[in-house]
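The values are calculated or read from the model by the stated rules, or taken from the named source; none is laboratory data. Values in this document were obtained by computation on a predicted structure and should not be read as measured data. All Cβ positions, glycine included, derive from the backbone under ideal geometry; neighbour counts span all protein chains shown. Note: accessible area is taken over every heavy atom of the protein model, side chains too, but ligands, DNA and RNA are not part of it. Shrake-Rupley method; radii C 1.70, N 1.55, O 1.52, S 1.80 Å.
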Amino acid sequence: EADASVREYQAALQLVSARRFEEADGAVAQFLRVHPDHPYADNAMYWRAETLYARRDFAAAERELSEMIRRFPQGNKVPDALLRLGFCRQRQGDPIGARQYFRRVVAGYPGSVAARLASREDT
């Protein structure tokens with residue numbers, strides 16, 4: 001079953017890579033319903049948020065990212081999620097909230113690519 005769940009996750013990511021965001025959202029959401037505690041669940045939540053962001057549903061993307069960070073505060077996608085939360089806030093017309101997320105990335109994950117990108121935004 002582990003191999004099947006990994007294949008399911010990889011198939012969903014292929015949809016993201018192909019920019020088939022609506023289908024990808026459904027596939028990732030299904031993966032999370034069936035495997036909520038899978039080792040890839042945090043990454044799946046991140047990629048689900050990316051599909052929402054790509055479809056300009058910034059509020060839903062923000063909710064998914066916030067929940068991902070709440071559930072998996074040590075996850076490998078946390079710096080990227082904080083960066084994307086900043087972009088969600090920007091897109092929703094909240095530059096102050098965006099700046100707070102960008103600063104949080106820089107302070108908490110100084111060597112990350114996300115921090116480098118966040119430092120460009122925090123002007």
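Can you pull out every residue in the range 44-68 that is closer than 23 Å to S5 by Cβ and either surrounded by fewer than 20 Cβ atoms within 10 Å (Cβ to Cβ) or touching a strand residue (DSSP E or B) at 6+ places or on another chain (Cβ under 9 Å) (or both)? Lay out the reasoning, then the answer.
Within the range 44-68, the first condition is being closer than 23 Å to S5 by Cβ, and the residues that meet it are 44-52, 64-65, 67-68.
The answer is E67, and nothing else.
When you go through P73, P36 one by one, which is the residue that is closer than 25 Å to D3 by Cβ and more than 12 Å from the chain's Cα centre (by Cα)?
Details: P73 fails: closer than 25 Å to D3 by Cβ.
Sole residue among the options that is closer than 25 Å to D3 by Cβ and more than 12 Å from the chain's Cα centre (by Cα): P36.
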I'm trying to understand the selection: among the residues of the range 108-117, which are closer than 13 Å to V78 by Cα and in a helix (DSSP H, G or I)? G108, V113, A114, A115
Exactly one of A98, A27, A18, A81 is open to solvent by less than 70 Å² (accessible area, probe 1.4 Å), at negative phi, within 14 Å of the chain's Cα centre (by Cα) and at pLDDT 95 or above, and that residue is A81
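Looking only at residues in the range 109-123 that are among the small types (G, A, S) and over 17 Å from the mean Cα position of the chain (by Cα), which one is nearest to E62 (Cα to Cα)? Step through it out loud before you land on a result.
Here is the first cut: in the range 109-123, the residues among the small types (G, A, S) are 111-112, 114-115, 118-119.
If we keep only those that are over 17 Å from the mean Cα position of the chain (by Cα) as well, we get 111, 119.
Values: G111: 24, S119: 20 Å.
Top of the filtered list is S119.
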